[in-house]
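Comments concern the structure below.
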Amino acid sequence: MNRENGVPRAAAKSPLWGNIFRRRSNTAEDILSTLRQVPLFSNMTDGELREFEKLIHQRQFKAGETIFWEGEPGVGMYIIQHGAVAICKHNRNDVRETLVLLHDGEFFGELALLDESPRSASAIAEQNSQIIGLFRPDLFGLLERKPRLGNKFLFQLALIIGERLKQTNTEIQNLRAQLDRTDVVL
Amino acid sequence: MMSVKTAGKPPRESRFRPLRSSLTAEPPVLTGLPAADTKIVLVLDRKLLRRAARGVLLLAVLAALVWLLPRITPVLSMLATALLLTTVLDPLVTFLENRDIPRATAVTFVLVLSLLVGLILIRLLVPVISQEVQSLSTAMDASALDQIIARLRGELAEKIPLLRLEAVDQKITAQLQSLVAGFMQNAFDFMLGLLSAAPNAVLIAFMVFFLLKDGRPLKKALIAGVPNRYFEMALLITHKMTEQLSRYLQGQLIVAAAVAGLSVLALYLLHVPYFFFIGVLAGLANVIPYFGPIVGAVPAIIIALVHTGSLNLVLAIVIAFAAIQLIENIFISPYVTARSVELHPLAIIVVILIGGSLLGMWGMLLAVPVASIIKVTAELVLWGVKNYRLSD
């Protein structure tokens with residue numbers, strides 16, 4: 001039989017049937033494969049990921065373009081599909097200091113999913129980058145419509161934030177120990 | 001996950017890009033005026049040109065909008081009605097979706113249910129209201145009015161013997177006749193407006209279906225066109241605006257329905273004729289803050305006066321409307337309306353006058369919600385401009 005990807009060829013050519021039998025777009029597939037790499041979505045099924053894919057905004061940034069500025073109200077988190085993003089702060093002399101450079105599959109700004117407090121650092125594209133964003137209004141909408149899925153995501157977010165808090169505590173303890181030793185030397 | 005991959009300070013960079021030097025770059029030169037020893041050189045900065053082009057484009061778009069708007073008003077009013085209904089019905093769809101019903105099914109169910117409720121309401125209410133309006137208009141012809149005025153004059157002369165009515169009699173008759181005629185005309189126009197909207201109902205239902213089902217992807221597609229620099233601000237403003245306006249419109253609808261219900265009940269208990277028509281009108285008028293309750297009570301008082309001539313009934317109506325306002329202000333409004341969209345009374349007077357002069361009774365009813373939408377939008381845009389860095 002004359003078929004193309006399991007769809008009759010005549011149907012695939014017709015604007016109506018072609019549209020109905022259309023396979024998922026490359027953009028959607030790209031977003032899904034990016035989401036699968038991110039720890040925040042590690043416990044999600046494909047169906048659940050597709051729900052998130054509907055909420056995701058895909059953006060292109062040129063090298064040197066600002067994604068958000070420090071101090072602006074936070075709206076949501078970003079995941080890098082392709083490219084590199086510098087997380088930086090401006091010091092007293094307004095000179096930019098890069099805190100961290102992020103690459104494909106890494107995410108930033110996730111705390112803005114919880115509240116509107118000002119961004120603690122700026123994010124600037126270091127190369128031409130393709131970035132996807134998940135934003136608080138959409139997440140809150142999901143929590144209203146599909147609370148089980150929304151809670152599953154929030155639980156994972158809480159786990160990651162908790163893990164970071166533990167790491168920060170360990171670093172503080174190490175620093176305090178170093179400081180105590182310095183005092184002794186002094 | 002995040003990891004530090006670079007260290008060290010990047011070279012100092014300036015936030016300000018150096019301006020293109022008009023001396024080093026070869027400038028486009030426009031020469032046209034023949035002069036022997038004077039050479040006029042016009043340097044056209046590319047940035048300036050781009051700005052000018054943008055300004056001209058904006059002006060052209062504005063001019064096109066001004067030209068187009070009056071021509072597409074019916075379509076816009078249908079779209080506005082559809083958006084209003086979408087805002088009201090969306091919480092119901094979300095409620096069903098929350099219970100694991102697919103959105104398309106939930107939308108179909110809610111829409112079919114609303115159409116059924118709408119049809120039942122129209123079937124029940126339109127005959128009653130049109131009968132009331134017709135009977136009211138026959139009762140209000142000139143001879144009947146003369147009789148009513150004569151009866152009122154007699155009653156007033158009896159109660160206040162010192163009042164000399166002969167001198168102002170002509171004036172009162174003329175004023176009352178024009179008032180009643182104006183009111184009736186407006187009421188008829190309003191009813192006709194409602195009835196003439198019926199053929200569009202199918203189109204509006206289609207619009208509501210697609211807005212409810214595909215509203216989110218549509219919004220996402222629209223916002224995708226916003227440049228990166230304004231993207232986060234636009235996203236947040238759109239969300240806040242939708243949220244505030246939905247709450248405001250849902251609140252207004254609940255308050256209007258509650259006031260209409262209470263007014264119909266109170267007027268029915270007081271045996272005021274045409275209680276249903278006046279009650280519904282009072283509910284709709286309640287959308288207008290401060291003045292709505294008065295506008296709602298006036299027709300009831302006029303009808304009570306001309307029909308029974310009893311000042312006691314007028315007093316009872318005033319008390320009933322005051323009580324309804326009290327109930328609305330204490331028990332209903334605080335729980336359902338968004339306070340953030342409150343307008344200054346002076347602004348309300350101005351927008352109602354503008355609305356009335358543009359679209360008559362519909363304009364007066366829509367003036368405050370439309371002004372609220374403009375106020376919320378302006379406030380949020382200002383907030384965005386203040387909180388977001390919109391330039392490099």
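Key figures for this structure:
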{"read-out": "When residues of the range A:48-74 are limited to those that are open to solvent by 10 Å² or more (accessible area, probe 1.4 Å) and without any contact (Cβ under 8 Å) to a residue 24 or more places away in the chain, the one farthest from the other protein chains (Cβ to nearest Cβ)", "value": "A:ARG50"}
{"read-out": "Residue selected from the range B:358-392 under the condition of a type in the set (S, T, N, Q) and at pLDDT 85 or above, by the criterion farthest from A:PRO73 (Cα to Cα)", "value": "B:THR377"}
{"read-out": "Qualifying residues in the range B:249-284 (those that are within 20 Å of B:THR86 (Cα to Cα) and of a type in the set (Val, Ile, Thr)) - the one surrounded by the fewest Cβ atoms within 10 Å (Cβ to Cβ)", "value": "B:ILE254"}
{"read-out": "Near pairs, Cβ below 7 angstrom, 6+ apart or cross-chain, from the range B:236-251 (more than 8 Å from chain A (Cβ to nearest Cβ)) to any residue that is outside any helix (DSSP H, G or I)", "value": "B:GLN244/B:ALA338; B:ARG247/B:ALA338; B:TYR248/B:THR337; B:TYR248/B:ALA338; B:GLY251/B:THR337; B:GLY251/B:ALA338"}
{"read-out": "Any hit, the range B:375-385, residues being within 14 Å of chain A (Cβ to nearest Cβ), small (Gly, Ala, Ser), in a helix (DSSP H, G or I) and open to solvent by less than 50 Å² (accessible area, probe 1.4 Å)", "value": "yes"}
{"read-out": "Subset of the range A:139-167 that is open to solvent by 40 Å² or more (accessible area, probe 1.4 Å) and within 17 Å of the chain's Cα centre (by Cα) - its residue that is farthest from the other protein chains (Cβ to nearest Cβ)", "value": "A:PHE155"}
{"read-out": "Selection status of B:ARG54, open to solvent by 90 Å² or more (accessible area, probe 1.4 Å), at pLDDT below 90 and either within 14 Å of another protein chain (Cβ to nearest Cβ) or not in a helix (DSSP H, G or I) (or both)", "value": "no"}
{"read-out": "Residues of the range A:94-106 that turn out to be among the acidic types (Asp, Glu), touching a strand residue (DSSP E or B) at 6+ places or on another chain (Cβ under 8 Å) and at the interface with chain B (Cβ under 8 Å from one of its Cβ atoms), as a count", "value": "2"}
{"read-out": "Test: residue in the range B:193-212 that is within 13 Å of chain A (Cβ to nearest Cβ), out of contact with any Leu (no Cβ under 7 Å at 6 or more places or on another chain), modelled with pLDDT of 85 or more and surrounded by 14 or more Cβ atoms within 10 Å (Cβ to Cβ)", "value": "no"}
{"read-out": "Selection from the range A:126-137 of residues that are crowded, with 19+ Cβ neighbours inside 10 Å, more than 9 Å from every other protein chain (Cβ to nearest Cβ) and touching a helix residue (DSSP H, G or I) at 6+ places or on another chain (Cβ under 9 Å)", "value": "A:ILE132, A:LEU134"}
{"read-out": "Output for the range A:75-93, where each listed residue is away from chain B (no Cβ under 11 Å), part of a loop (DSSP other than H, G, I, E, B) and free of Cβ contacts under 8 Å to residues at least 40 places away in the same chain", "value": "A:ARG92"}
{"read-out": "Residue list for the range B:78-108, filter: out of contact with any helix residue (DSSP H, G or I) (no Cβ under 7 Å at 6 or more places or on another chain), without any contact (Cβ under 8 Å) to a residue 24 or more places away in the chain and either closer than 17 Å to A:GLU51 by Cα or open to solvent by 60 Å² or more (accessible area, probe 1.4 Å) (or both)", "value": "B:PHE95, B:ARG99, B:ASP100, B:ILE101, B:PRO102, B:THR105"}
{"read-out": "Every residue from the range B:238-248 that is surrounded by fewer than 21 Cβ atoms within 10 Å (Cβ to Cβ) and either aliphatic (A, V, I, L, M) or over 30 Å from B:SER391 (Cα atoms) (or both)", "value": "B:MET241, B:LEU245, B:SER246, B:ARG247"}
{"read-out": "Unmet requirement for A:ARG176, which otherwise passes all of (1) in contact (Cβ under 8 Å) with a residue 40 or more places away in the chain; (2) surrounded by fewer than 19 Cβ atoms within 10 Å (Cβ to Cβ)", "value": "(1)"}
{"read-out": "Hits in the range B:313-364 (condition: open to solvent by less than 90 Å² (accessible area, probe 1.4 Å) and among the aromatic types (Phe, Trp, Tyr))", "value": "B:PHE321"}
{"read-out": "Single unsatisfied condition, B:ILE288 versus (1) at pLDDT below 85; (2) open to solvent by 30 Å² or more (accessible area, probe 1.4 Å); (3) among the aliphatic types (A, V, I, L, M)", "value": "(2)"}
{"read-out": "Close pairs from the range B:270-297: first within 16 Å of B:GLY356 (Cα to Cα), partner part of a loop (DSSP other than H, G, I, E, B) and open to solvent by 20 Å² or more (accessible area, probe 1.4 Å), Cβ under 9 Å, at least 6 apart", "value": "B:ALA285/B:PHE291; B:PRO289/B:GLU342; B:PRO289/B:LEU343"}
{"read-out": "Checklist (1) away from chain A (no Cβ under 14 Å); (2) modelled with pLDDT of 90 or more; (3) open to solvent by 20 Å² or more (accessible area, probe 1.4 Å) applied to B:PRO227, failing item", "value": "(1)"}
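The values are calculated or read from the model by the stated rules, or taken from the named source; none is laboratory data. Model, not experiment: these values are computed from the prediction. No Cβ is skipped: glycine too gets one built from the backbone with ideal geometry, and neighbour counts run over all protein chains shown. Accessible surface areas use protein heavy atoms only, side chains included; no ligands, DNA or RNA. Shrake-Rupley method; radii C 1.70, N 1.55, O 1.52, S 1.80 Å.
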